[in-house]
Each structure stands twice: as structure tokens, then as C-alpha cells.
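Data block below; observations after.
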Amino acid sequence: MRKTRTIITLFLLLTPVMLVAVPAVAEGDGPVSSIEDVNRVVNKVYNWVAGAFWAVAAGFLIWAAMLYATARGNQEQVKKAKNVLIYVVVAIVIGIVATGVKGLIESILS
């Protein structure tokens, strides 16, 4: 059951990425014919994924805050809220590093 849920989740997360990439390629006169076309497609996909990432991170941050606010002294709830908050902070740090790596790769390739 868990494996099926994981596969469905990955499919639902990757489908919009593919749908964003297809129109980005279709905007030109034909298939990808230059490095600029590849760069345009990669940038569109990256921007969509980054936007989705930050929206999900904000949602989990709000969820952690709600867990903490509704804990009412229940130590298990407080512990769960702290764990979610730690995961959110780690994900945000990874997102910031990924943005920096993208900029570094762009500056090396240009």
C-alpha cells in the first residue's frame, strides 16, 4: 500500500512538471535546436519546481505552527511539532543551497 501511494504521489508531482516543459518546447519553430532552447526549458521547469517547493515549505511551516499551538501541553504533540519544524528548516536550507548551486552552474556555463 505504501509503495503504491509513493508511486501515485510521484506521478502527481511530476505530471505538472512535464506539462510545463512541453509548451516551453512547443513555443519555438520546432524541436529543441539550440542551447538557448534547452536553457529556456530548464529555466521554466526549475521555476515551476522552485515555486511549488516554496509553497509546500510554507504549508508545512504553517502546519508545524498549528501543531504546536494546538498541543495544549501534550508532550507528544509538542515533540511532533518540533520534528516537523526541524524538517521544514532543513528543507528550506536545502532549497536555498539549490538556488545558489543553480546560479553557480549558470555562471560557469555562460
For labels at residue 36 and residue 94 in the simple 7 Å Cα→Cβ model, what's the distance in nm?
3.6
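What pairs in 44/79; 3/82; 82/102; 3/44 have C-alpha atoms more than 32 Å from each other? Could you put the intermediate results ahead of the total?
Details: 44/79 38 Å; 3/82 27 Å; 82/102 30 Å; 3/44 30 Å.
Beyond 32 Å between Cα atoms: 44/79.
The numbers here are math on the coordinates, done by the rules we state, and not lab data. Predicted model only: the values in this text are computed from it and were never measured. We place every Cβ from the backbone using ideal geometry, glycine too, and count neighbours over all the protein chains shown.
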